[in-house]
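Chemist: Have a look at this one.
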Amino acid sequence: MLRFVKLGAVMSALIFTIGCSSDSSIDQNNLCEVNNWRHDAVAKECAPGQKVVFLPSSFGNKQLPILFAAVNCDHRYSIALTEGGVSCVYKPIVIKSTE
C-alpha cells in the first residue's frame, strides 16, 4: 500500500512539474505595443513569441480587437480581449500564395 502512495506522489509531482513548465520561446520581459491590426504592420514592430498589446488609435469599431487576435495572436496561449484592445503572445500569420 505504501508503495502505491509513493508512486502516486511521484506521479503527481511529475505532472505538476510538466504542467507548470515555462515555454522558453515566449518573451515575457518585453512588450510590443501597436495600434494597427494588420499583420504586415505588426510584423514590422514585433518579434514572434513576444507579448503584444493592440491599442487602436480610434475607439468604437468592436471588430478591430477580434481581427487583431485572429491574425496576430498565438491561440495556444491566453488572449486578453476587450472592446478597446487585445493582449496576447504574438505569432505572425502565414499568408499562403494563391498561385
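Chemist: Take GLU45 and VAL71, extend 7 Å from each Cα along the Cα→Cβ direction, and tell me the distance between the two endpoints in nm.
Modeler: 1.4 nm
Chemist: Normalised by the number of residues in region 47-99, what is the relative contact order in percent for Cα pairs under 8 Å and 6+ residues apart? Please report the intermediate quantities before stating the final value.
Modeler: Numbers: 78 pairs, mean separation 23.4, N = 53.
It comes to 44 percent, rounded to a whole number.
Chemist: Now for a separate question. In Å³ and rounded to a whole number, note down the convex hull volume per residue for the Cα atoms of region 24-99. Walk me through the numbers before you get to the answer.
Modeler: Working: hull volume 7.5 nm³, N = 76.
That works out to 99 Å³ per residue.
Chemist: Let me ask another. Convert each backbone phi in region 67-81 into a coupling constant with the Karplus relation 6.51 cos²θ - 1.76 cosθ + 1.60 (shift: θ = phi - 60°), then list the ³J(HN,Hα) values in order as whole Hz, x for Gly and Pro.
Modeler: 5, 4, 4, 5, 9, 10, 9, 7, 6, 7, 10, 4, 10, 8, 10
Chemist: Can you give me the distance in nm between label points at ASN61 and ILE93, each placed 7 Å from the Cα along the Cα-to-Cβ direction?
Modeler: Inter-label distance under the simple model: 1.3 nm.
Chemist: In whole Hz and in residue order, list the ³J(HN,Hα) couplings for region 28-39 that follow from phi through the Karplus curve 6.51 cos²θ - 1.76 cosθ + 1.60, θ = phi - 60°; x for Gly and Pro.
Modeler: 8, 8, 10, 10, 9, 10, 10, 10, 10, 7, 5, 4
Taken together, the values in this text are just the output of simple stated rules run on the coordinates, not laboratory data. Keep in mind the model is a prediction, meaning the values are calculated, not measured. Methodologically, a virtual Cβ is constructed for each residue, glycine included, from the backbone with ideal geometry; neighbour enumeration extends over all protein chains shown.
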